[in-house]
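Peer 1: The structure is given below, and queries will be raised subsequently.
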Amino acid sequence: MKLIMLGAPGAGKGTQALRIAEKYQIPHISTGDIFRANIKNNTELGKLAKSYIDAGALVPDSLTCDLVVDRISQEDCANGYILDGFPRTIPQAEALTAALEKKDGSAIDFAINVDVPDEHIIKRMQGRRTCPGCGASYHLAYLPPKKEGVCDVCGEALILRQDDHPETVAKRLEVYHTSTQPLIDYYGKAGVLHTVDGTKDMEEVFAAIISILGD
Ligand code: AP5
């Protein structure tokens, strides 16, 4: 099963992708997580990506496409994977389509679009707290940690992600509408698009996705 998650920043792609990956036992590949890990480790890629991410812009396709194409060629992706945050532009989608076609004539099986209007997004992002240690994500109202301000998984102090400050979220939404929303049409034409209402609670969204993917 080869799956991609579409949706605005903060729509809940990561939350659902982790659960889908666990249920179907496939790797969860998040380009945002890959970039954040590189920033944390101060790699060349991290240094290049940081300025774009902090500004709410997209990292250039030239830094993103090869990274993902290489990742999905690895052994653990043989039975499928879930891409979270990639593709994000038409050129990225075209690069992915071409890479799959070249590899074994396959294609993406499901594009799940988690639909959430902008006004919900802004509220959600203000409440998101992230662990800089292990990357776990929480929400002050909808998914609070057991102990206030502390990660359940690794015990580090939770932070508001640099790009979750309101002015950067506004920029990310603008970029989403311009560069990423056209992918809804792209995957619609490919016949693999499914849209779920991401304003429902996390369990309901997950149930809607499972009913699309099957047990
Ligand atoms: P990335 O990390 O991918 O950010 P994003 O797409 O903007 O998505 P988020 O991680 O912010 O949100 P999400 O949809 O996963 O929501 P979540 O589940 O956390 O990318 C960061 C940056 O990296 C980009 O801006 C860009 O610069 C760069 N980048 C990454 N990929 C790239 C690419 N392919 N090309 C170029 N640049 C790239 O949920 C949000 C909050 O809401 C959480 O607190 C959660 O607990 C809560 N929540 C989730 N679901 C619900 C629900 N149903 N009800 C209530 N609360 C909910």
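The values are calculated or read from the model by the stated rules, or taken from the named source; none is laboratory data. Keep in mind that this is a model prediction, so the values were computed, not measured. Every residue, glycine as well, gets a Cβ built from its backbone with ideal geometry; the counts of neighbours run over all protein chains shown. Accessible surface is based on the protein model in full, side chains and every heavy atom, while ligands, DNA and RNA are left aside. Shrake-Rupley method; radii C 1.70, N 1.55, O 1.52, S 1.80 Å.
Peer 1: Just for segment 140-154: of the residues that are within 22 Å of ARG36 (Cα to Cα) and in contact (Cβ under 8 Å) with a residue 12 or more places away in the chain, which one is nearest to the ligand (Cβ to nearest atom)?
Peer 2: LEU143
Peer 1: Picking from ALA11, ALA57, which residue would you name as being open to solvent by 30 Å² or more (accessible area, probe 1.4 Å), near the ligand (Cβ under 10 Å from one of its atoms) and part of a loop (DSSP other than H, G, I, E, B)? Outline the logic, then answer.
Peer 2: Working: ALA11 fails: open to solvent by 30 Å² or more (accessible area, probe 1.4 Å).
The unique qualifying residue is ALA57.
Peer 1: So in segment 64-117, with the set limited to residues that are more than 27 Å from GLU44 (Cα to Cα) and within 12 Å of the ligand (Cβ to nearest atom), which one is most open to solvent (accessible area, probe 1.4 Å)?
Peer 2: Out of the qualifying residues, it is ASP115.
Peer 1: So which pairs qualify, if the first residue must be in segment 70-85 and closer than 16 Å to LYS23 by Cα and in a helix (DSSP H, G or I), the second must be open to solvent by 10 Å² or more (accessible area, probe 1.4 Å) and of a type outside the set (Phe, Trp, Tyr), the Cβ gap must be under 7 Å, and the two must be at least 6 apart or on different chains?
Peer 2: ASP76/PRO27; CYS77/PRO27
Peer 1: Residues that are among the aliphatic types (A, V, I, L, M), at pLDDT 95 or above, open to solvent by 20 Å² or more (accessible area, probe 1.4 Å) and in contact with a Pro (Cβ under 7 Å, 6 or more places away or on another chain): does segment 142-158 have at least one? Before you say what the answer is, go through the steps one by one.
Peer 2: Restricting attention to segment 142-158, the residues satisfying the condition of being among the aliphatic types (A, V, I, L, M) are 143, 150, 153, 157-158.
Then drop every residue that is not at pLDDT 95 or above, which leaves 150, 153, 157-158.
Pick out the ones that are also open to solvent by 20 Å² or more (accessible area, probe 1.4 Å) and you get 150, 153, 157-158.
Checking the rest, the ones that are also in contact with a Pro (Cβ under 7 Å, 6 or more places away or on another chain) come to 158.
For segment 142-158, residues among the aliphatic types (A, V, I, L, M), at pLDDT 95 or above, open to solvent by 20 Å² or more (accessible area, probe 1.4 Å) and in contact with a Pro (Cβ under 7 Å, 6 or more places away or on another chain): present.
Peer 1: Would you mention how many residues in segment 164-205 are more than 9 Å from the ligand (Cβ to nearest atom) and in contact with a Lys or Arg (Cβ under 9 Å, 6 or more places away or on another chain)?
Peer 2: So the count comes out to 1.
Peer 1: For segment 22-46, what are the residues that are in contact (Cβ under 8 Å) with a residue 12 or more places away in the chain and part of a helix (DSSP H, G or I)?
Peer 2: Result: LYS23, TYR24, THR31, GLY32, ASP33, ILE34, PHE35, ARG36, ALA37, ILE39, LYS40, LEU45.
Peer 1: Also: Just give me the residues in segment 181-191 being in a helix (DSSP H, G or I) and in contact (Cβ under 8 Å) with a residue 60 or more places away in the chain, in sequence order.
Peer 2: Start the filter on segment 181-191 by keeping residues that are in a helix (DSSP H, G or I), which leaves 182-189.
Once the filter is applied, which keeps residues that are in a helix (DSSP H, G or I) and in contact (Cβ under 8 Å) with a residue 60 or more places away in the chain, segment 181-191 yields PRO182, LEU183, ILE184, TYR186, TYR187.
Peer 1: Quick one: ALA49 ticks every box in (1) touching a residue at least 12 places away in the same chain (Cβ under 8 Å); (2) surrounded by fewer than 16 Cβ atoms within 10 Å (Cβ to Cβ); (3) not basic (Lys, Arg) bar one, so which box is it?
Peer 2: Status for ALA49: all satisfied but (2).
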